[in-house]
1. What share of the DSSP beta bridges in the chain is antiparallel, in percent to the nearest 5?
2. Exposure proxy check: L28, L168 ranked by fewest other beta carbons within 10 Å?
3. Checking the a/c ratio against 1.5 first, then a/b against b/c, what shape does the Cα gyration tensor give for region 2-198?
4. Could you identify which residue out of E39, E23, E142 has the top mean-square fluctuation in a GNM of the chain using Cα springs shorter than 10 Å?
5. E191 versus E137, label points 7 Å from Cα toward the beta carbon: distance in nm?
6. Considering all projection directions equally, how large on average is the shadow of the alpha-carbon convex hull of region 1-97, in square nanometres?
7. Going through the DSSP H helices of the chain, which span 20 Å or more along their own axis at the Cα atoms while scoring at least 0.0 as a mean Kyte-Doolittle hydropathy?
8. Largest first and to the nearest Å, give the Cα extent of region 63-166 along each principal axis.
Amino acid sequence: MHCLTIATRNPGKLREFRALLGELPLELLLADGMPEVEETGTTFAENALLKARAAAVWSNGWALGEDSGLEVDALDGAPGVYSNRFAGEGTTEAERNLRLLELLAGIPAERRTARYRATICLAAPDGRVWLSEGACEGRILEAPRGTYGFGYDPLFYVVEFGRTMAELAPEVKNRISHRSRAVVETRALLERLCPPARMVHPPSDE
Ligand code: IMP
């Protein structure tokens, strides 16, 4: 395996995958031009699988699909798999954040617990698939803070750092995020499937 197609149109996710998988001897390709995959699944795993399989078929190679989202306890786990579209199709990140704040209006800090979840699916061109999952706990603030990251990051407060995800430098987010936790297993798999070139020792003088 030399190339891995990442099935996403989300520039924030792609940036994070490049940082998280960058050291592997692999060329990460964007699924540029691939027809949009309808996310008809009701779980992160189903949608990750749909995206990874579609990209593996489209590229006739190895592909990675990821589905992720925010689960808010006071909203019974919403927006969940609908995180990207729960304020309506085509809405901006700012509009979705505003909608989330409206839904949580009047709910005190201690009941604003939430988590990000991510499922990554690695798909081989022959149809084999591997799934891995990660989560990251936090709370939803009452107003956005910070400019790093994407999506709900300005509202997602990470208690142990006393900052929102959007106030944490990308290297820090990439150590603690749901995506980085899910990527650990995927990375180990990729390392097995495409080990670095063996070190060749120069001949000794003797
Ligand atoms: P997907 O492309 O259907 O997986 O959309 C996932 C959505 O969940 C994104 O568009 C964001 O709204 C949200 N999301 C997932 N991961 C993150 C993250 O790391 N930070 C902020 N929002 C996220």
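1. So the antiparallel bridges in the chain amount to around 75 percent.
2. L28, L168
3. On the way: a/c = 2.20, a/b = 1.64, b/c = 1.34.
Prolate, because a/c is 1.5 or more and a/b exceeds b/c.
4. Fluctuation is largest for E23.
5. Taking the simple label geometry, E191 and E137 are separated by 2.7 nm.
6. On the way: hull surface 27.6 nm².
Across all orientations, region 1-97 yields a mean hull projection of 6.9 nm².
7. Taking the DSSP H segments of the chain (at least 20 Å long, mean hydropathy at least 0.0), we get 44-59.
8. 51, 33, 28 Å, listed from the longest principal axis down.
Computed from the coordinates by the stated procedures, all read-outs in this text should not be read as laboratory data. Keep in mind that this is a model prediction, so the values were computed, not measured. Using ideal geometry, Cβ is built from the backbone for each residue, glycine included, and neighbour counts are taken over all protein chains shown.
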